[in-house]
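A short write-up of the structure that comes next.
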Amino acid sequence: MHGEAPEVVTRNPSGSATRARILDAANELFYANGIRATSADRIIEQVGITKVTFYRHFRTKGDLVVAYLERMAAAERGWIQGVRRKGDPVGSLHALAADIGFASCRPGFRGCSFINAAAEFSDPDDPVRKVVDAHRRWMLGQFAELAAEAGAEDADAAARQLMILRDGAMVNGYLSDPTSVADSLKAAFTSVITASTPTR
């Protein structure tokens with residue numbers, strides 16, 4: 001306890017800076033190595049804090065995983081809303097495709113954090129899965145809005161197809177040639193919108 005005082009008081013009396021550092025380390029280690037393969041002790045070691053400090057911020061590793069995914073969800077929501085172009089649903093989809101392609105080309109890319117987490121937590125009632133499912137419902141809603149804006153006859157069906165394409169692109173970028181992901185995804189998004197929009 002005595003060794004923690006300078007850390008908490010000097011950096012941030014509220015502890016928010018320490019919490020952020022824990023989440024930064026969790027983001028790096030969970031994404032690179034997997035959630036179950038990364039112990040709380042490994043995160044504690046990387047951050048350079050004591051177990052007491054860690055558990056002051058997160059009562060369990062499960063709480064940390066939920067906070068990590070909630071942080072990732074907030075970032076992804078901000079990104080998607082940031083690239084949406086008012087009045088240009090196809091342009092919005094193309095911008096999303098370009099960004100997914102760019103992300104797929106980054107060193108260390110390991111696919112979608114939410115798909116990865118769902119693969120490790122099979123119980124649909126697990127708090128981790130609830131965060132994953134809530135975020136994916138939000139994302140599906142975004143695709144439905146874009147499809148409706150583009151004039152799709154069945155926006156929900158188009159949204160499900162767009163979501164499948166997005167998921168496939170994330171996996172393809174990890175396992176295949178990431179440089180082709182953006183162009184292929186743009187074309188596929190356009191095909192879904194074209195096929196779902198009645199001819200006039």
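If the segment from residue 138 to residue 55 were pulled out straight at 0.36 nm per residue, it would be longer than the present Cα-Cα gap by 26.8 nm. When the surface is traced with a 1.4 Å probe over the full set of protein chains, residue 143 keeps roughly 10 Å² accessible. Average accessible surface for the chain: 52 Å² per residue, computed with a 1.4 Å probe over protein heavy atoms with every protein chain in place.
Please find the FRET efficiency linking residue 156 to residue 81, where r is the Cβ-Cβ separation and R0 is fixed at 22 Å, and quote it to the nearest 0.05.
According to the calculation, E is roughly 0.65.
Calculated mean residue ellipticity, 222 nm, the chain: -24000 deg cm²/dmol, from DSSP H runs (n ≥ 4) at -39500 (n - 2.57) each, averaged per residue and rounded to 500.
Stretched out straight at 0.36 nm per residue, the stretch from residue 17 to residue 197 would grow longer than its current Cα-Cα span by 59.9 nm. Positive end of the dipole of the stretch 64-200 (Cβ unit charges, origin at the Cα centre): among 91, 119, 171, the Cα lying farthest that way belongs to 91. Dividing the mean sequence gap of close Cα pairs (under 8 Å, 6+ apart) by how many residues the chain holds gives a relative contact order of 21 percent. For the chain, the longest principal axis of the Cα atoms and the long axis of helix 181-196 meet at an angle of about 50 degrees. Were the residues from residue 42 through residue 176 laid out at 0.36 nm apart, the gain over their Cα-Cα distance would be 45.2 nm. Over the stretch 32-141, the fraction of Cα-Cα pairs per 10 Å bin, rounded to whole percents and listed from the shortest bin up, is 12, 36, 32, 15, 4, 0.
Using the alpha-carbon positions of the stretch 26-84, Rg (one decimal) and Dmax (whole number) come out as 13.2, 43 Å. Taking the square roots of 5 times each eigenvalue of the Cα gyration tensor of the chain, largest first, gives ellipsoid semi-axes of 38, 16, 15 Å. Note on residue 68: accessible area is roughly 10 Å² with a 1.4 Å probe, heavy atoms of protein only.
For the stretch 80-193, a Kirkwood radius taken over Cα pairs fed into Stokes-Einstein (25 °C, viscosity 0.890 mPa s) yields D = 169 µm²/s. Solvent-accessible area of the chain (1.4 angstrom probe, protein heavy atoms only): carbon and sulfur portion equals 54 percent. Remark: the chain carries a charge dipole of roughly 380 debye about the Cα centre, counting +1 on each Lys and Arg Cβ and -1 on each Asp and Glu Cβ. Principal-axis analysis of the Cα atoms of the chain puts helix 89-104 at an angle of about 50° to the longest axis.
The values are calculated or read from the model by the stated rules, or taken from the named source; none is laboratory data. Note that the structure is a prediction, hence the values are computed from the model and not measured. Neighbour counts are summed over all protein chains in view; Cβ atoms, including those assigned to glycine, are modelled from backbone coordinates with ideal geometry. Protein only, heavy atoms only, side chains kept; ligands, DNA and RNA dropped before computing areas. Shrake-Rupley method; radii C 1.70, N 1.55, O 1.52, S 1.80 Å.
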